[in-house]
Amino acid sequence: MSDDPSATKDAFTASGTGREALFFARRNRKLVGGGVVVLVFLLVALTGPWFTTDDPLAYVGPPGAGPSGEFWFGTTTFGQDVLAQFVHGLRATFFVGTVAALIAGVLGMVVGFTAGYRGGLVDEVLTMITNVVLVLPVLAVLMIIAAYLEVRNIEVQALIIGLFSWPWVARAVRAQTLSLRAREFVDLARLSGAPVRRIVFREIAPNMASYLFMVFILLFGGSVLFAATLDFIGLGPTDGVSLGLMLNHAKQWSAMDLGMWWWFVPPGLGITSVVGALYIMNVGLDEVFNPKLRET
Amino acid sequence: MLHVDDLRVHYRTLRGDVRALDGVSFSVADREIMGLVGESGSGKTTLGKSLIRLDGRMRHVGGTVTLDGTELPIGDDGRMNAFRFNDVSIVPQYAMSAMNPTRRIGTMIRELVTSRGIRFDTVRSELDRRLDLVGLDREVLDRYPIELSGGMKQRMVMVISTLLNPKLLVADEVTSALDVSTQRAVALALAGFRDRDLVHAMIVITHDVSLVYQIADTILVMYAGKLAEKAPTDVIVERPLHPYTRALIAALPEVGVQYAGKRLTGIPGGPPSLRPPPPGCRFRDRCPVAFDRCAEQPPFVEVEPGHSVACWRAS
Amino acid sequence: MLRLDGVSKTYKVGALARKDLHAVRDVSFELRPGEVVSLIGESGSGKSTIGRMILRLTRATSGTITFDGTDIATLRRGSLKEYYRAAQGVFQDPFSTFNPVFKADRVLTMIRQVYFPGTGDVEWRGRVDDALSAVSLNPDQVLDKYPHQLSGGQLQRLLIARALLLDIRLLVADEVISMLDASTRIDVLNLLADLKERGLAVLFITHDLSLGNYLADRTVILRRGSVVECGATSAVFGDPVHPYTRTLLASVPRLGIRWSDEDLDPGPCRYHAVHPGGGPPLAEVGDDHLVACFAGNDERECV
């Protein structure tokens with residue numbers, strides 16, 4: 001009964017929530033800037049391998065040469081093309097990030113929605129499992145798993161990261177579901193004879209769309225970083241190439257001491273830029289979806 | 001004595017300014033409880049807030065507020081600070097959220113008072129007396145806000161807001177979230193502050209005419225950012241002049257009235273958009289007695305002592 | 001048509017669910033076709049819980065709720081769907097009853113998807129127009145709009161229109177007008193009165209005595225989950241017997257009557273005057289007028 005003026009309520013009389021978000025998204029410099037950076041890297045990762053050698057590990061040039069017209073990013077101690085490694089590594093990085101984020105996102109959402117909507121015993125059991133996984137010392141467990149697996153490729157790495165990153169998603173989704181479930185529109189959907197699945201995905205989930213979108217971005221960034229960490233400490237894929245592995249090799253062959261900056265700067269900068277840009281996008285998204293943070 | 005003269009407060013939005021208060025002038029005498037009545041969007045809450053703190057989107061466009069001869073710097077948040085709590089105080093609608101849940105109530109009051117440069121000991125005995133006045137145990141000071149019921153919290157906030165005997169107290173929908181039986185106790189406690197001369201003047205904002213009828217001396221009716229009518233309580237209820245006031249009172253179901261015996265009617269339509277408002281009388285579209293002249297905004301004029309109205313039919 | 005028999009709802013609260021919270025205790029009443037029953041209570045009286053139990057949004061802990069002789073606790077998928085074809089609800093907060101992400105008329109589309117999948121566009125549009133005109137809404141003003149673009153009164157009417165699309169015989173109206181402005185609230189009340197004339201049974205849940213009184217044939221007063229007094233509205237409001245009912249009535253702000261500290265002495269316990277040694281939860285003190293013992297729920301003794 002408070003008379004807050006209808007001011008903001010109908011600020012967008014003719015447009016919907018989606019279009020309203022798009023309107024602010026396009027005007028948000030953080031979101032657009034971060035998006036451009038990520039897109040450029042994605043484009044390089046997707047198209048780059050066509051323009052470089054198929055096998056980034058092949059010995060193609062003079063050993064330890066600096067950037068030149070022939071090898072833009074120089075070569076490694078063994079004469080491998082750093083640019084070829086970089087673009088292939090970037091592709092692997094995007095792959096790991098996407099797959100791991102998808103696995104963790106879907107798993108977290110399923111667990112979160114189920115626990116939050118069903119409640120009762122189901123909730124208690126799921127919450128317990130979530131908390132157990134949450135407190136596992138992930139790095140230690142991953143080290144053990146990674147050490148026991150004979151063949152490790154980036155698919156396995158993505159799977160493992162995904163399987164360990166879902167708990168906080170589940171917790172957050174559960175909390176949001178709990179509060180949305182108490183809203184009266186959920187009651188109304190039940191009174192309309194809608195089945196549970198439809199209520200969760202058609203009534204509750206759309207209210208969290210912006211949030212889920214942000215979750216995905218955060219998971220992506222987190223997975224990329226995590227993969228790089230694993231690669232760097234030597235638990236990465238046994239075959240293939242990734243930005244983290246490049247850093248690992250550069251360190252292993254003392255690129256730093258030899259002054260071969262072209263070996264470790266591109267992968268380091270690549271990871272930092274992609275993850276940094278994602279986080280800036282996330283801040284931007286926050287502003288787009290949360291009217292209170294919008295700069296008008 | 002409070003004088004408000006041609007007060008204009010706008011809300012800034014992407015689509016232009018909402019004229020939430022569009023030239024509002026009235027006075028509240030000492031020892032007067034003024035009921036401020038209106039529907040959603042009438043500007044009553046904006047008016048209440050304007051007297052104490054403008055929120056981020058509100059802009060003071062014009063007009064003055066004078067309290068006991070001193071002009072309140074309502075557009076200047078920093079300078080207004082000196083007046084809040086000391087001279088002007090508010091009991092907000094959701095008093096529950098106005099209290100820090102992690103602090104004991106007594107501790108919170110101590111901090112608040114100290115921050116105003118007053119020693120807690122000097123107000124302690126007065127605090128106890130006020131608690132008695134609103135019917136709260138003195139032990140509540142050792143409790144946390146969450147342990148109090150809605151009515152108790154509301155009374156606690158009333159005690160805190162009036163501790164320094166402000167000249168003006170604004171009570172914004174203080175009883176609308178309460179149960180019927182608690183509502184009565186809280187409303188009477190509010191009137192008790194005036195009866196004991198602890199506050200000079202009081203503005204009670206509500207959507208419920210029958211509630212302010214119980215405690216107010218005068219009632220001011222607002223509609224769409226403008227004043228519609230102001231008169232002593234009995235006059236407003238028994239001889240309203242503005243068609244809006246009449247319709248509002250006619251739409252109230254009373255205990256004992258049944259639809260089969262006396263079918264009440266509402267007011268068709270809704271209030272106009274204030275961005276910007278249409279020219280002329282703002283109630284024109286919903287008014288049963290509107291005529292040509294209503295295309296021109298009627299002035300808010302006194303038609304008899306203490307009774308002002310903004311309607312061409314009345315004046 | 002609708003009958004509540006000794007319905008109770010107990011929630012487990014506290015650490016490890018060791019404490020019982022009795023939200024509703026042993027409530028029985030009946031609702032006949034074309035009748036409006038007001039369920040009046042303050043916060044915590046269990047009035048909304050009763051409404052939710054009738055709509056099967058919450059299960060009763062004990063007791064039975066029967067609709068046309070069928071215990072609604074036994075309803076399964078298909079039969080529950082049929083129950084909702086006949087019994088619907090409208091809730092307090094119109095803005096929370098609509099999913100803010102979607103257009104408001106989605107509540108109507110949902111009904112079509114579930115109950116009228118075979119209906120053609122033209123025929124459906126005709127039905128929607130009929131339902132909207134029954135609640136005095138202009139289709140052009142409410143269809144294809146987002147909830148925030150409509151007023152609270154329009155939204156509540158839209159919800160009633162939604163219920164009218166089905167063949168409803170029972171409407172549970174839970175505080176439907178408490179968030180509306182005075183000028184529109186009476187129109188929604190009158191609308192409910194019109195529905196009653198069409199033979200609908202309405203359970204009108206409210207905390208506001210004057211609103212409950214305007215509409216109802218019969219009134220049930222609840223306090224802390226139990227019925228303290230019930231019967232014909234004229235009896236309950238005209239001759240309130242229970243001290244709690246009297247206090248409530250005396251606390252309602254009314255125009256023309258100032259609160260005075262009149263003595264509210266209800267006299268000796270009328271329940272025990274009828275049943276000196278105790279008996280059923282409610283004692284008959286007049287024609288269609290029942291009252292509980294004057295003592296509260298906690299102390300079962302009556303002074």
Taking θ as phi - 60°, what are the ³J(HN,Hα) couplings along the stretch B:77-84 by the Karplus curve (6.51, -1.76, 1.60), each to the nearest whole Hz, with x for Gly and Pro?
4, x, 6, 5, 3, 5, 8, 4
Per residue of A:279-287, other chain Cβ atoms within 10 Å number on average 0
So what's the Cα pair-distance distribution over the protein assembly as shown, bin width 20 Å, in %?
12, 35, 33, 15, 4, 0
In nm, spacing of pseudo-spin labels at C:F116 and B:A295 (7 Å Cα→C-beta vector):
4.5 nm
Take each of the peptides C:220-230, A:174-184, B:146-156, B:60-70, average the number of other beta-carbon atoms within 10 Å over its residues, and list them starting from the highest.
C:220-230, B:146-156, A:174-184, B:60-70
Could you give log10 I(q)/I(0) at q = 0.07, 0.13 Å⁻¹ for the stretch C:2-224, computed by the Debye formula over C-alpha point scatterers of equal weight, without solvent?
-0.22, -0.78
Report, in whole Å, the centroid distance computed from the Cα atoms of the stretch B:248-315 and the stretch C:91-165.
30 Å
Please identify, among A:I271, A:I199, A:I103, the residue showing maximal mean-square fluctuation in a Gaussian network model of chain A using a 10 angstrom Cα cutoff.
A:I199
For the stretch C:2-224, what is the percent of antiparallel DSSP beta bridges, rounded to the nearest 5?
45 percent
Counting DSSP beta bridges with both partners in the protein assembly as shown, what percentage is antiparallel, nearest 5?
60 percent
Which Cα, out of C:F29, C:P117, C:A193, lies furthest along the positive dipole direction of the stretch C:2-224 (beta carbon charges, K/R +1, D/E -1)?
C:F29
Averaged across the residues of C:171-178, what count of C-beta atoms belonging to other chains lies within 10 Å of each residue's C-beta?
1
As I understand it, the dipole of chain A uses +1 on the Cβ of Lys and Arg and -1 on the Cβ of Asp and Glu, about the Cα centre. Which of A:T98, A:P267, A:N131 lies farthest toward its positive end?
A:N131
If I histogram all Cα-Cα distances within the stretch C:67-112 using bins 10 Å wide from 0, what percent of pairs lands in each bin?
21, 40, 31, 8
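Taking every pair of distinct Cα atoms and averaging 1/r, then inverting, what Kirkwood hydrodynamic radius in Å comes out for the stretch A:62-159?
Kirkwood radius, the stretch A:62-159: 17.1 Å.
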Whole-Hz Karplus couplings 3J(HN,Hα) for the stretch C:127-137, θ = phi - 60° and coefficients 6.51, -1.76, 1.60, Gly and Pro as x, run 5, 4, 4, 4, 5, 5, 5, 5, 9, 6, 10
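To the nearest 20 debye, what is the magnitude of the charge dipole of the protein assembly as shown about its Cα centre, counting +1 on the Cβ of each Lys and Arg and -1 on the Cβ of each Asp and Glu? Could the numbers behind the result be given before it?
Working: 95 positive and 97 negative charges, 218 e Å.
Result for the protein assembly as shown is approximately 1040 debye, rounded to the nearest 20.
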Provide the descending list of Cα extents for the stretch C:13-124 along its principal axes, expressed in whole angstroms.
54, 36, 30
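In debye, nearest 20: dipole of the stretch A:71-169 around its Cα centre with unit charges on the Cβ of K, R (+) and D, E (-)?
80 debye
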What is the spread of the Cα atoms of chain B along each of their three principal axes, largest first, in whole Å?
64, 49, 39
The stretch B:67-145: proportion of alpha-carbon pairs further apart than 22 angstrom, %:
34 percent
What percent antiparallel are the DSSP beta bridges of chain B, to the nearest 5?
60 percent
Mind checking which of B:L133, B:L190, B:L36 has the largest fluctuation in a GNM of chain B, springs on alpha carbons under 10 Å?
B:L133
Ellipsoid equivalent to the stretch C:125-284 - semi-axes via the Cα gyration tensor, in Å
38, 19, 11
May I ask you to order A:211-224, C:109-122, C:127-140, C:45-58 by the average number of other C-beta atoms within 10 Å around their residues, highest value first?
C:45-58, A:211-224, C:127-140, C:109-122
Only Lys, Arg, Asp and Glu count, each charged at its Cβ (+1, +1, -1, -1), so figure out the dipole size of the stretch C:2-224 about its Cα centre, rounded to 20 debye.
980 debye
Tell me, what ³J(HN,Hα) does each residue in the stretch B:125-135 have, in order and in whole Hz, if you take phi through Karplus 6.51 cos²θ - 1.76 cosθ + 1.60 with θ = phi - 60° and put x for Gly and Pro?
5, 5, 4, 4, 4, 5, 4, 4, 4, 8, x
Could you compute Rg(Cα) / (2.2 N^0.38 Å) for chain A, with N its residue count?
1.21
Could you work out how much longer the chain between A:V110 and A:I145 gets when fully extended? Use 0.36 nm per residue separation minus the Cα distance between them, nm to one decimal.
10.1 nm
Mean-position separation - Cα centroids, the stretch C:178-234 and the stretch B:65-126, in angstrom:
42 Å
Quick one: give the max-minus-min coordinate of the C-alpha atoms of the stretch B:203-313 along each principal axis, largest first, in Å.
40, 34, 25
How well do other chains shield peptide C:183-194, expressed as the mean number of their Cβ atoms within 10 Å of each residue Cβ?
5
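For each pair in B:K44/C:K47; B:K44/B:K230; B:K49/B:K226; B:K226/B:K262; C:K9/C:K47; B:K49/B:K167, compute the distance between the two Cα atoms and list the pairs where it is over 21 Å.
Correct reply: B:K44/C:K47; B:K226/B:K262.
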For the pair C:L21/C:S133, report the inter-label distance in nm, with labels modelled 7 Å from Cα in the Cβ direction.
4.8 nm
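The numbers here are math on the coordinates, done by the rules we state, and not lab data. Because the structure is a prediction, the values reported are computed rather than measured. Every residue, glycine among them, receives a Cβ derived from its backbone with ideal geometry; neighbour counts consider all protein chains shown.
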